[in-house]
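The values are calculated or read from the model by the stated rules, or taken from the named source; none is laboratory data. Just so it is clear, the model here is predicted, and its values are computed rather than measured. Note: ideal-geometry Cβ built from the backbone for every residue, glycine included; neighbour counts use all protein chains shown. Accessible surface is based on the protein model in full, side chains and every heavy atom, while ligands, DNA and RNA are left aside. Shrake-Rupley method; radii C 1.70, N 1.55, O 1.52, S 1.80 Å.
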Amino acid sequence: MASLNVGNLGEYLREQRRNAQLSLRQLADAAGVSNPYLSQIERGLRKPSAEVLQQVAKALRISAETLYVRAGILDEKERDELETRAVILADPSINERQKQVLLQIYESFRKENGFETSSYAESAADEDTTVEGPRTADAGDADQKQNPSS
């Protein structure tokens with residue numbers, strides 16, 4: 001994990017706030033933090049928690065992961081992996097079992113290509129039963145059993 005780079009984070013936050021045409025006070029109110037605290041973050045004097053960064057990201061309507069990377073809490077590779085997972089999990093066209101199978105296949109390919117899995121990925125994989133490789137016919141068969149009209 002990278003070290004905290006609060007100066008870079010502060011500059012980035014200030015730029016995003018100005019692009020959103022928000023005053024420091026408006027952003028502080030929207031994020032639920034004090035005006036002086038947000039000012040100190042922007043000036044690189046304070047190291048905000050992940051929770052505060054998430055609140056600020058929500059208020060600015062930007063990705064919290066981007067702020068985590070800027071703050072050194074998350075590295076770029078972890079962010080890419082989390083974004084891939086989020087897209088898969090948000091897809092309404094596939095059911096929950098298919099999403100879990102797809103995530104497990106994704107992890108197996110990452111491992112095969114020499115990438116470490118994040119602790120988030122490992123915990124998500126532990127919650128579900130292990131699948132022995134891509135068996136799309138079985139996933140489709142399961143859907144047929146659940147919804148025979150398809």
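Among the residues of the stretch 80-96, which ones are closer than 24 Å to F115 by Cα and charged (D, E, K, R)? Answer for the stretch 80-96, where residues must be closer than 24 Å to F115 by Cα and charged (D, E, K, R): D80, E81, E83, R85. Take E65 and decide whether it is open to solvent by less than 40 Å² (accessible area, probe 1.4 Å) and not polar (S, T, N, Q). No.
Among the conditions (1) open to solvent by 50 Å² or more (accessible area, probe 1.4 Å); (2) closer than 27 Å to K47 by Cβ, G72 misses just one, which is (1).
Have a look at R25, R85, R97 and point out the one that is modelled with pLDDT under 90 and either of a type outside the set (F, W, Y) or surrounded by fewer than 17 Cβ atoms within 10 Å (Cβ to Cβ) (or both).
Details: R25 fails: modelled with pLDDT under 90; R97 fails: modelled with pLDDT under 90.
Sole residue among the options that is modelled with pLDDT under 90 and either of a type outside the set (F, W, Y) or surrounded by fewer than 17 Cβ atoms within 10 Å (Cβ to Cβ) (or both): R85.
Condition first: among the basic types (K, R), in contact with an Asp or Glu (Cβ under 6 Å, 6 or more places away or on another chain) and surrounded by 13 or more Cβ atoms within 10 Å (Cβ to Cβ). Can you find one or more residues in the stretch 31-51 that meet it? Talk me through it step by step, then tell me what you get.
Start the filter on the stretch 31-51 by keeping residues that are among the basic types (K, R), which leaves 43, 46-47.
After this cut, where a residue has to be in contact with an Asp or Glu (Cβ under 6 Å, 6 or more places away or on another chain) as well, the list is none.
No: zero hits.
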